[in-house]
Amino acid sequence: MSALARFLFGRRARLRWIHLILGGALAVPYVLVGSVVVGPLTGSGDVFGSLTLQLTSFAVGLPLAAVTSLFPPTRPLEAGVVRWLCGIEADRLAYGPARTKGEKGRTSAWFTLHLGIGGIVAGMSLAVPPFAAALIALPFVPALRESPLEPSGLFGHGRVLALAPLAGAAMLVALAGCAAGCGALLARWAPVLLGPSAEDRVAAAEARAADLAVRNRLARELHDSVGHALSAVGLQASAARRVLDTDPEFVHEALAAIEETTRRTVGELDAVLGVLRDGDAPGTAPAPTLAADLDGLLRRTRAGGSRVSATVLADRRALPPPVSREAYRIVQEGLSNALRHAGARVAVELRIDVVDDHLRITVENPLGEAGRTPRAPRPGGGHGLRGIADRARLLGGTAEAGGADGVWRLHVRLPLRGPA
């Protein structure tokens, strides 16, 4: 019983009833236009004085509603109302205007159904409650038994008169059941007639993929630039603290490196945030490249006491710009991982060369005991290697990382030709 009561009088049923009444209200102008056509054809001067002529005017107005539904705002407006009042999930409805013939046909069918069924339910909602209320009050108000509500003495007998309230209540329940059933029917048809087409789903999937690609790009840039800078600053500050009283010259160099690292990182952060706000906004700092910024990266890394030996056998200035940009980030993250996990005092070897039209980047550092790095990865870490793999994959290259023979090795191959 409770489920039936919720179906007939629950919040969702009431909202769908309102949706039907709105459809009836939208149908009124079309009924008026239909009455202008039906009146002269039938020779009647009072179309609304006859129920038959009213229904005829309603039937004439519905095709006009189907034609006007072809206006672009119809589908977005109807989808918004359906989502709010009928309880349909947003991803099951299309909010853009109908473009293809199929979309326009489905929109026209929906609008006609909404106005047609809504007009009938709205008319019943206006006519049935007063009549049902009169039937309920009939045994208790003698004046009503002398009105047209009681034709031919139908309720003159006591037993029949006692059934009038039950008949009135049954009419109200029947009205509620009709409204709830029609509302549920329209709610079931809404995703079919107002739902996204195959083209809409493809466009939405492409938009989500593009958004995810931008977010992943920003995440990689922030992780590689800011993460490396924080690791380098931490190592430089730690090294300077240890020799604060014994090697003032080294402390001076470390503080200068910290200052340069933070200044450069702020510029890179502004560039990334500029992309986040305005796309590739003009005026933002250019992305660092292997050709222009490798020397500075090595200098800042060594300023913290790290022993980094670099062998560069490639002509960095001849690299394609996308390869140069991604290679710089890969080297930056490789050095950051080595120093973060192996410590500032561990020697790191970097080798960059070109073999078979591929730029090869290799970063090596000694492993700790039992084939493990001396420092455990921080909670939530592990994004660096995934970011390197993503960068290599976007350029059509490969990335491998792992420990063997007491050495942790990162090896990346990036093609110098072909689509990036």
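The values are calculated or read from the model by the stated rules, or taken from the named source; none is laboratory data. Note that the structure is a prediction, hence the values are computed from the model and not measured. Cβ placement follows ideal geometry from the backbone for every residue including glycine, while neighbour counts extend to all protein chains displayed. Side chains are part of the model used for accessible areas, which takes the heavy atoms of the whole protein and leaves out ligands, DNA and RNA. Shrake-Rupley method; radii C 1.70, N 1.55, O 1.52, S 1.80 Å.
Values for this structure:
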| read-out | value |
| --- | --- |
| Highest-first arrangement of 113-124, 57-68, where packing means the average Cβ count within 10 Å | 113-124, 57-68 |
| FRET E, pair Glu400, Ser309, Förster distance 35 Å, beta-carbon r, rounded to 0.05 | 0.95 |
| Long-range amide H partners of Val308 with built H, under 5 Å | Val348 |
| Probe 1.4 Å - accessible area at Arg6, Å² to nearest ten | 150 Å² |
| Under Karplus coefficients 6.51, -1.76 and 1.60, residue-wise ³J(HN,Hα) of region 314-330 in Hz, glycine/proline x | 9, 7, 4, 6, 8, 6, x, x, x, 5, 5, 5, 5, 5, 4, 5, 5 |
| Exposure ranking of Tyr30, Tyr328 by accessible area [1.4 Å probe, largest first] | Tyr30, Tyr328 |
| Exposure rank, largest accessible area first [Thr262, Thr74; 1.4 Å] | Thr262, Thr74 |
| Distant-in-sequence amide H partners of Trp408 (H built 1.01 Å from N, under 5 Å) | Asn365, Leu367 |
| Cα-projected label distance for Tyr95 with Ala169, points at 7 Å along beta-carbon direction, nm | 4.6 nm |
| Gain on full stretching of the segment that runs from Asp211 to Asp245 - 0.36 nm per residue minus C-alpha separation | 7.1 nm |
| Positive dipole terminus of region 12-92, leading residue within Pro76, Gly49, Tyr30 (C-beta point charges) | Pro76 |
| Rounded accessible area of Thr398 (nearest 10 Å², 1.4 Å probe) | 70 Å² |
| For region 10-139: rounded, prolate or oblate by the Cα gyration tensor [a/c cutoff 1.5] | oblate |
| Accessible heavy-atom area order of Ile88, Ile136, highest first, probe of 1.4 Å | Ile136, Ile88 |
| Estimated inter-spin distance, Val192 and Phe9, nm [label 7 Å along Cα→Cβ] | 3.2 nm |
